[in-house]
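Everything on this sheet refers to the single structure shown next.
The values are calculated or read from the model by the stated rules, or taken from the named source; none is laboratory data. Here the structure is a predicted model, which is why all the values come from computation and not from measurement. Cβ: placed from backbone, ideal geometry, glycine included. Neighbour counts: every protein chain shown. Accessible surface areas use protein heavy atoms only, side chains included; no ligands, DNA or RNA. Shrake-Rupley method; radii C 1.70, N 1.55, O 1.52, S 1.80 Å.
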Amino acid sequence: MPALPEQDFEDRLCQVFHETGERFVPDIPLLAMGGAARGRRRRRRRLALGSAAAMLAVSGVTAAVLPNALRTDSVGPAAVAPAPSGDGVPDGARIPQEAHMVSAVAERLPKELRIVRSDGSAAGSAAIPTTQAWAELTLDDGHGQSLLAVRVNHGGQRSARPCPDEPAPDVKCQEETLEDGSMVAVTQFTSQGKGPYRYAGVEWTTPDGMRVTATSYNVGRKTGEWTRPEPLLSVAQLSALAIDPAWRTFEASVRQTLPGLPAADTPVQRPDLLPPGLKVVAGTAGPEQTATLVDGDRTVVLRFQEEQADTSARAWFADAPVLPDDTRIRSVEGRPVPNAQGSTETIVDLLRPDGRRIRVTAVNPAGAGHPDAGRPPLITLDRLTAIARCPGWTVPFPKD
């Protein structure tokens, strides 16, 4: 039999896994990360070795998502599970708590606001650098929902002044230079077309190139209908949020050499590796893929990231468990996002023998007042591990 090209081989291998998975009800064990959990903890099963285990692991990607298997007794923000204690799990197998943009933004908001939905990026030794650190939170003050977006970029991101010499008729823009040489630009938009779509935004640019934008909308989601007459946060509140020096922590994780993020609402490159039974409602393609999946009233956001591991990343994996194919793995399951009032995340981070690093994150974005708040993400750690381990889930970034 002639040898197949590498990409064709990987596609064929994943297809075989897909067909095999349809014939089995998967019983995928969690990674053996050092000892049994105590009696009160959920029983962890041992990961079987060998090719049979790999077959079963990837079959988890194709197994039907059973509603009964996804239900928990936790509902509402008061039922947010505590962070896993890690009892019986060595440090090298766990992903420690990271600086999270959602948490940082939430800490700086008025305490009386409810966060009904949130998602964002993380920074730290475990996080893969991206083009920008970001957080999007849907807020509610009792008078309608409002989307808040905060983004941190660095260098080369802007080729023109924030305020054009001749702004559009429905845009008001003002610039001010502060004593330290940084610039603050305030933009307010009021649609003169159909519907009273409005937003207010503040952009802070420092002399050394850091740029922070904080924008409040009068819609709960960018693609939704307006939910209130005006954006929830005032210009003064947005200004205080934008010029907070805490964003320096996240600026350090922003990589300048990556290409720009792809446009939203584009297909993911390997939809065949997403668990069946879930409807894809939005996604992005490229080296940093995302997919928003729904099952009834439950939502999960999948994020796929890839990099060639540098020295610090390899050191971070030094004590991680090693799988039979020499892949190193670290993970965390159902971890609450601090201050997010209900959002949780499950993460699998792999270092392959060739130095390629794959990080797959499942986020439950539900917040205060949602029956799904505090529950683990819709996709389990087992299935997330299967997605990360499949050798062909990524494909080369499409060229222009």
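Specify the residue that is most open to solvent (accessible area, probe 1.4 Å); the eligible residues are those in segment 96-124 that are over 22 Å from A315 (Cα atoms) and of a type in the set (D, E, K, R).
K111
I'm trying to understand the selection: among the residues of segment 217-235, which are of a type outside the set (D, E), within 20 Å of Q174 (Cα to Cα) and surrounded by fewer than 23 Cβ atoms within 10 Å (Cβ to Cβ)?
Across segment 217-235, the qualifying residues are S234, V235.
Condition first: outside any loop (DSSP other than H, G, I, E, B), touching a His at 6+ places or on another chain (Cβ under 7 Å), of a type in the set (A, V, I, L, M, F, W, C) and crowded, with 17+ Cβ neighbours inside 10 Å. Can you find one or more residues in segment 147-162 that meet it?
The answer is no, given that none of the residues of segment 147-162 is outside any loop (DSSP other than H, G, I, E, B), touching a His at 6+ places or on another chain (Cβ under 7 Å), of a type in the set (A, V, I, L, M, F, W, C) and crowded, with 17+ Cβ neighbours inside 10 Å.
For residues in segment 175-212 being out of contact with any Gly (no Cβ under 9 Å at 6 or more places or on another chain), in a strand (DSSP E or B) and of a type in the set (A, V, I, L, M, F, W, C), which is farthest from T131 (Cα to Cα)?
A200
If you go through segment 105-131, how many residues are among the hydroxyl-bearing types (S, T, Y) and within 17 Å of G369 (Cβ to Cβ)?
Of the residues in segment 105-131, 1 are among the hydroxyl-bearing types (S, T, Y) and within 17 Å of G369 (Cβ to Cβ).
Here's the yes/no breakdown for (1) among the polar types (S, T, N, Q); (2) at pLDDT 90 or above; (3) under 15 Å from the mean Cα position of the chain (by Cα):
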| position | (1), (2), (3) |
| --- | --- |
| S125 | yes, no, no |
| T130 | yes, no, yes |
| E136 | no, yes, yes |
| T177 | yes, yes, no |
| V184 | no, yes, no |
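Scan segment 213-223 for residues that are assigned to a strand (DSSP E or B) and modelled with pLDDT under 95 and jot them down.
Kept after step one, since they are assigned to a strand (DSSP E or B), are these residues of segment 213-223: 213-217, 219.
V219 - this is the single residue of segment 213-223 that is assigned to a strand (DSSP E or B) and modelled with pLDDT under 95.
Would you mention how many residues in segment 195-216 are open to solvent by 30 Å² or more (accessible area, probe 1.4 Å) and farther than 20 Å from R248 by Cα?
5
Would you kindly identify the strands (runs of 3 or more DSSP E) lying entirely within segment 299-400 that contain at least 1 residues that are out of contact with any helix residue (DSSP H, G or I) (no Cβ under 6 Å at 6 or more places or on another chain), surrounded by fewer than 24 Cβ atoms within 10 Å (Cβ to Cβ) and hydrophobic (A, V, I, L, M, F, W, C)?
Numbers: elements: 328-336, 344-351, 356-364.
Output list reads 328-336, 344-351.
Any residue that is surrounded by 24 or more Cβ atoms within 10 Å (Cβ to Cβ), assigned to a strand (DSSP E or B) and not aliphatic (A, V, I, L, M) - is there at least one of those in segment 125-135?
No, segment 125-135 contains no residue that is surrounded by 24 or more Cβ atoms within 10 Å (Cβ to Cβ), assigned to a strand (DSSP E or B) and not aliphatic (A, V, I, L, M).
Taking R335 as the residue in question, decide whether it is modelled with pLDDT of 95 or more, of a type in the set (D, E, K, R) and within 30 Å of K111 (Cα to Cα).
Yes, satisfied.
Just checking, which of S85, S74 is surrounded by fewer than 12 Cβ atoms within 10 Å (Cβ to Cβ), part of a loop (DSSP other than H, G, I, E, B), on the phi < 0 side of the Ramachandran plot and modelled with pLDDT under 95? Steps first, please.
Working: S74 fails: surrounded by fewer than 12 Cβ atoms within 10 Å (Cβ to Cβ).
The match here is S85.
Could you tell me which numbered condition G277 fails, if it satisfies all but one of (1) farther than 20 Å from R221 by Cβ; (2) of a type outside the set (D, E, K, R); (3) open to solvent by less than 30 Å² (accessible area, probe 1.4 Å)?
(3)
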